[in-house]
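A quick write-up on the structure given underneath.
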Amino acid sequence: MREALPAHKPWFAASLWEWIFTTDHKKIGIMYGVTSTLFFIVAGLMALGMRLELFNPGAQYLKPETYNWFLTVHGAVILLWWAIGVWASFANFLIPLMIGARDVAFPRLNALGYWMFFAASVIALLTFIPGNHIMTMWTGYPPLSTMEGVGFAGTTALFVFIWHLTGFASIAGAVNFITTVISMRQPGIGFFNLNLFIHGIMAANVIQLLGVPSVAGAVTMLFLDTYLKTSFFDPARGGDPILYQNLFWFYSHPAVYVMVLPAFGIISEVVSAFARKPIFGYKSMVVAIWAIALVGFMVWTHHMFVSGIPDWVKILMSYTTLLIAVPTGIKIFNWVATLYKAAIDYKTPMLYALGAILMFLIGGLTGIPLGIPAFDIAVHDSYFVVGHFHYVLGMAVTLSAFAGFFYWWPKVTGKMYPEGLGKLSFWVVLIGSNLLYFPQLVIGLMGMPRRYYDYPPIESWVTLHHLQTYGAFILAFGILLALIALIKGALSGEKAPNNPWMSNSLEWRLPSPPPPHNFDEPPKVEKDYCPHGYCKF
Amino acid sequence: MKFLALLLISGLAFAGEPEVIARPYDLWDIIYKIWLVITVIIYAVVAIPSLYFMIKYRYKPGEREMGDQEHEGHWGLEALWTIIPLIIVLYLATHGFALFTQMRKPPENAMELKVTAFAWGWIFQYPNGKMVVASAIRDTEDNKCKPEDCYKVDGALQQYVYIPAGVPIKAVLTSQDVIHSFYVQPAGVTQDMVPGRTTYTWFQINKPGEYWIFCREYCGQWHSRMFAKLKVVPKEEFEKWLKGEVADLDHEAKKLEIANIDEKKAQEVVR
Ligand code: HEM
Ligand SMILES: [Cu+2]
Ligand SMILES: [Cu+2]
């Protein structure tokens with residue numbers, strides 16, 4: 001379309017110096033993406049190590065403290081670097097392009113945010129040095145994490161700094177994205193014709209802004225208790241360990257929506273693009289996103305149903321928890337209705353997005369009983385919970401992230417990925433994941449506790465653990481295929497057109513890859529602009 | 001195939017047991033079955049139309065290249081799938097509420113069992129003062145237990161926890177050090193054991209036999225070996241056991257000391 005653009009260097013030709021000092025949201029987005037993906041791989045490898053250990057009962061290859069270290073890093077890294085961090089990559093790259101801006105509102109703060117994330121990554125790597133392992137689990141409950149020598153919790157300080165630094169990055173990002181979307185939209189883009197992806201990111205970042213201070217305070221007190229012997233959480237000196245759990249989950253429950261709302265956003269983008277149809281019920285989608293974010297702050301004690309809190313609090317938060325299923329259900333039904341009378345083009349991103357929907361449904365339906373104290377009392381801290389959050393995180397979030405990678409790959413790299421390999425990777429990932437995560441639900445119902453490095457040799461348990469380990473390796477192979485497809489595309493793919501998916505959304509009107517300043521002149525947004533034609537009322 | 005069979009067995013294990021083996025598991029079973037039925041129905045209601053649309057409305061060059069652009073929302077339908085799920089979840093929460101109230105109320109005649117957790121094990125104290133200890137079996141550098149032995153009752157530091165069949169037990173729980181958790185498998189009850197607080201749970205097992213208790217709150221290195229074996233015996237037999245024949249309190253206290261010393265030694269070894 002716009003052939004007469006001034007000559008520019010594409011992002012991948014930048015020198016190291018330019019990467020380090022860049023304030024370009026696209027480069028920062030790519031740096032977030034590379035960092036998140038590398039840590040996703042690290043966490044995945046540690047999980048494979050755990051699965052080998054659990055293949056058979058009895059001590060196999062790992063010592064319990066090694067297993068606990070693997071599990072702590074697996075949990076913390078997969079949540080903070082992958083399920084939260086990867087969205088910072090998408091948000092950075094896409095928000096300005098989708099709203100017709102040249103950059104984010106505070107480019108330097110944005111760069112600082114990334115470098116804080118990088119510093120957190122360095123701290124995470126420091127925990128690999130012998131003697132510095134963290135074994136607190138990603139939740140870091142006191143008094144285990146504050147008492148030296150009792151339970152082998154490892155170096156609590158590193159655990160605390162990881163939260164502080166990633167939290168700083170989150171807040172910097174949140175301030176930035178929220179301001180950018182509020183103040184830098186092209187005229188003609190309003191609340192009800194924003195991309196659903198941006199709604200997801202906005203809601204997630206409002207949660208970050210309100211929630212992160214709570215967990216930051218909690219881990220700071222953890223630090224003081226551990227090293228300066230204060231007694232916020234020490235019952236022997238008037239403190240209360242349950243206080244930590246309240247402060248921690250006040251953020252960490254809403255944090256699951258920080259992980260999943262952007263995933264919902266991507267599903268909506270991809271499904272409407274490849275169904276070649278407006279998304280069904282755009283308005284109720286928007287309302288659902290914001291309702292989830294709001295109610296998400298009123299349910300945190302469902303993580304504490306057996307912690308010893310008063311029974312009436314459990315009942316209250318049981319109702320609020322189950323209420324969240326309603327807006328979540330609306331989204332799923334709307335996606336299904338979008339497929340009605342569609343013209344579904346099964347490209348790799350669409351497969352990943354549809355897989356994410358049907359797998360998220362399992363995650364959601366297994367979450368409901370966990371919100372009912374009468375049910376949870378039997379499965380709390382069991383593998384049923386492990387299965388539940390893997391369906392949500394390991395499937396819905398991860399499949400959506402890969403849907404997003406494949407979908408925007410042509411825009412980011414200017415090259416098409418190999419379609420066949422992409423599709424194959426999807427099927428391998430889907431099969432592997434189900435073989436890994438479904439047995440977790442079953443063995444959890446049979447009573448297998450969570451965070452166990454060993455288990456009694458009960459015959460059915462052993463079988464179910466075997467299945468999980470096979471599934472884990474199939475899944476890992478699938479992820480490998482997906483990464484190969486992406487890298488192969490970037491290196492030797494066909495040249496991508498500006499708009500390979502025929503989307504109406506603004507980012508596809510730019511060249512692939514976009515020039516450094518995105519839009520040479522402010523893009524003209526039609527009066528009835530809709531990212532996918534999905535908001536004509 | 002084996003997997004499917006297992007699934008079926010696990011399904012059946014939770015279904016159609018005429019006599020109550022354990023309480024309040026019988027109440028849990030009610031909400032479990034209701035949830036399972038609703039879940040399967042909802043999954044079918046979503047997945048079947050999805051798969052049907054996915055197959056029917058595929059992109060076909062020259063024939064079906066664009067979806068129906070007018071079909072972009074329907075307030076009636078959207079209201080429908082707001083209201084029906086709302087009713088379902090309100091029902092589930094309320095039924096759960098009713099069951100939970102019952103599940104949390106120990107029967108009047110319950111026998112009280114004081115349980116104190118430590119890293120890593122439990123001390124059980126019976127109403128007459130008799131004590132039993134169940135402490136984790138740990139590996140050391142040069143001595144790794146074999147899989148069959150890691151979860152075995154050896155009668156010394158790992159003793160059976162006897163309880164009478166058919167008698168409700170109220171377990172009063174606390175912890176000496178970090179947070180642990182008390183999960184009685186057949187009864188389906190979990191309760192954290194928090195230092196500085198007492199919490200409680202109750203259960204009743206009607207069928208004599210051996211059952212598992214596991215720690216379910218991560219408590220450090222040997223969390224995964226923190227278990228106890230419940231031995232459920234007829235009431236008369238239990239009374240006999242309680243009255244004597246097995247070691248007196250002093251003896252038990254000595255054993256505990258040994259347990260604690262072992263603890264320190266084991267830690268040094270691992271370091
Ligand atoms: C290669 C793929 C994966 C494998 C084999 C795997 C396996 C495991 C295992 C064995 C555990 C420990 C369960 C326990 O002992 O309690 C675990 C925990 C966990 N996993 Fe994964 N997982 C994978 C991918 C993921 C993904 C993609 C996510 C999220 C996006 C995720 C999130 C978590 C979380 C949050 C925990 C809990 C950590 C904790 O309890 O502290 N996992 N995983
Ligand atoms: Cu939650
Ligand atoms: Cu434990």
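Would you please classify the overall shape of segment B:90-212 from the alpha carbon gyration tensor, given that a ≥ b ≥ c denote the square roots of the eigenvalues, rounded means a/c under 1.5, and beyond that prolate means a/b larger than b/c while oblate covers the rest? Because a/c hits 1.5 or more and a/b exceeds b/c, segment B:90-212 counts as prolate. So, R0 is 35 Å and r is the distance between the beta-carbons of B:Thr94 and B:Ile48; what FRET efficiency does that work out to, to 0.05? Between B:Thr94 and B:Ile48 the formula returns 0.75.
The GluC sites (Glu not before Pro) of segment A:431-537 that DSSP puts in a loop, and whose beta carbon has at most 14 other beta carbons within 10 Å, are A:Glu494, A:Glu526. By definition, a body whose alpha carbon gyration tensor gives a ≥ b ≥ c is prolate when a/c is 1.5 or more and a/b is larger than b/c, and the protein assembly as shown fits this prolate description.
Cβ crowding within 10 Å, taken as a proxy for footprinting-reagent exposure, orders A:His133, A:His466 from fewest neighbours to most as A:His466, A:His133. Sites count as exposed loop sites when they are trypsin sites (Lys or Arg not before Pro), lie in a DSSP loop, and have at most 14 other Cβ atoms within 10 angstrom; the longest stretch of chain A without one is A:230-523. By the gyration tensor of its Cα atoms, with a ≥ b ≥ c the square roots of the eigenvalues, what is the shape of segment B:19-139: rounded for a/c under 1.5, prolate for a/b over b/c, or oblate? Cα axes put segment B:19-139 in the prolate bin.
Mean separation of Cα pairs under 8 Å and 6 or more residues apart, divided by the residue count, gives segment B:40-159 a relative contact order of 11 percent. For B:Lys144, a cut-off of 20 angstrom between C-alpha atoms picks up these aspartates and glutamates, skipping any fewer than 8 places away in its own chain: A:Glu53, A:Glu65, A:Asp454, B:Asp154, B:Asp262, B:Glu263, B:Glu268. In plain terms, the residue of A:Asp103, B:Asp177 with the fewest other Cβ atoms within 10 Å comes first and the most crowded comes last, giving B:Asp177, A:Asp103.
Between A:Leu424 and B:Lys144, the simple spin-label model (points 7 angstrom out along Cα→Cβ) gives 3.7 nm. Each 10 Å bin from zero holds the following percent of Cα-Cα pairs in segment A:440-537: 11, 23, 17, 15, 18, 14, 2. A Förster radius of 41 Å, combined with the Cβ-Cβ distance separating A:Leu224 from B:Val167, puts the computed FRET efficiency at roughly 0.30.
For trypsin sites (Lys or Arg not before Pro), the sites in segment B:100-189 that DSSP calls loop and that have at most 15 other Cβ atoms within 10 Å are B:Lys144, B:Lys152. I'd like the distance separating the alpha-carbon centroids of segment A:419-487 and segment A:4-75, in whole Å. So the separation of the two Cα centres works out to 20 Å. Considering only A:Phe70, A:Gly308, A:Val287, and ranking their Cα positions along the charge dipole of segment A:23-509 that arises from unit charges at the beta-carbon of Lys, Arg, Asp and Glu, the one farthest toward the positive end is A:Val287. Of all lysines in the structure, those lying under 24 Å Cα to Cα from B:Lys207, and not within fewer than 8 positions of it along the same chain, are B:Lys33, B:Lys105, B:Lys114, B:Lys130, B:Lys152, B:Lys170, B:Lys229, B:Lys231, B:Lys235, B:Lys240, B:Lys243. Restricting the chymotrypsin sites (Phe, Trp or Tyr not before Pro) of segment A:187-285 to loop positions (DSSP other than H, G, I, E, B) with no more than 13 neighbouring Cβ atoms within 10 Å leaves nothing.
In percent, rounded to a whole number, the relative contact order of chain A is 18, using alpha-carbon pairs under 8 Å and six or more apart. Taking amide H atoms as placed 1.01 Å from N in the peptide plane, the amide H of B:Tyr200 lies under 5 Å from those of B:Leu173, each 5 or more residues away in sequence or on another chain.
The slack between A:Met502 and A:Leu243, meaning 0.36 nm per residue of separation minus the straight C-alpha distance, is 88.0 nm.
Values quoted throughout were computed directly from the atomic coordinates according to the rules given, and no laboratory measurement underlies them. It should be emphasised that the depicted structure is a prediction, and the values quoted were computed from it without experimental measurement. Reconstructed Cβ throughout: ideal geometry from the backbone, glycine too, with neighbour counts over all protein chains shown.
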